[in-house]
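Q: I'd like to ask you about the structure that follows.
The values are calculated or read from the model by the stated rules, or taken from the named source; none is laboratory data. Note that this is a predicted model, so its numbers are computed, not measured. As a convention, Cβ positions derive from the backbone with ideal geometry for all residues, glycine included, and neighbour counts pool all protein chains shown. Surface areas here come from the heavy atoms of the whole protein model, side chains and all, with no ligands, DNA or RNA. Shrake-Rupley method; radii C 1.70, N 1.55, O 1.52, S 1.80 Å.
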Amino acid sequence: MDEKLSYNNEFWEALLPEDVKSACQDHGNILTRIHLIVSLILYLAMPLKQLLHYLFSTTNHRVSQATGRFISRRDEQQIPFGPSDLYNLWYTRYPKCCNNLTDLIIKPSIRAIVLAESDSAISDPKLKIKLPDLTVDSVRELLSPSGLEQKYRQHAPFLFDMLEVFAKSPNRYQ
């Protein structure tokens, strides 16, 4: 069900002064529109957490479309990925929050990815050793470097990439 907003375009057309409306209709003048929105957020003492939660959880079609554009990756249009830009701003502008970003966002995400990849590898019948079929050749084939690399790339691409970065990182013992 499409949630209706309490204030529509007609409300804003009637409320905003002409100079503000004309400045906002100039889509090249993004800063004026940003200042208008931010000043309203500050005036209303709107907690950003609640605003962002609403933006990403509402059933309002127009709002969902806008948030969908923000979280979409559109390489063909060379539009930066919105969440990545936001994350990088948090990380560079607010260094005191880096531990929270790592502990509350990155680590749980990595754990979920690695667990899913682990489940994928564990369920591969080609990686299971069956005693009746156990031979020296079957163990060699299973543990061959190229075979292991192929299986890790197939079942655990994220983990493989992380291990590759770790293994290839310069260090004084190389």
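Q: Let me confirm something: among Asp161, Asp133, which residue is charged (D, E, K, R) and over 34 Å from the mean Cα position of the chain (by Cα)?
A: From the options Asp161, Asp133, the qualifying one is Asp133.
Q: Failed condition for Leu131, given (1) open to solvent by 100 Å² or more (accessible area, probe 1.4 Å); (2) more than 30 Å from Lys151 (Cα to Cα), with all others met?
A: Exception for Leu131: condition (2).
Q: Have a look at Tyr94, Tyr152 and point out the one that is open to solvent by 80 Å² or more (accessible area, probe 1.4 Å), of a type in the set (Ser, Thr, Tyr) and over 18 Å from Leu163 (Cβ atoms).
A: Answer to the selection: Tyr94.
Q: Go through (1) polar (S, T, N, Q); (2) at pLDDT 90 or above; (3) surrounded by fewer than 11 Cβ atoms within 10 Å (Cβ to Cβ) one by one and return the number of the condition Gln77 breaks.
A: Status for Gln77: all satisfied but (2).
Q: Then there is this: State which residue is nearest to the chain's Cα centre (by Cα) when the search covers only the stretch 29-59 and only residues that are outside any helix (DSSP H, G or I) and surrounded by 10 or more Cβ atoms within 10 Å (Cβ to Cβ).
A: Per the stated criteria, the residue is Thr58.
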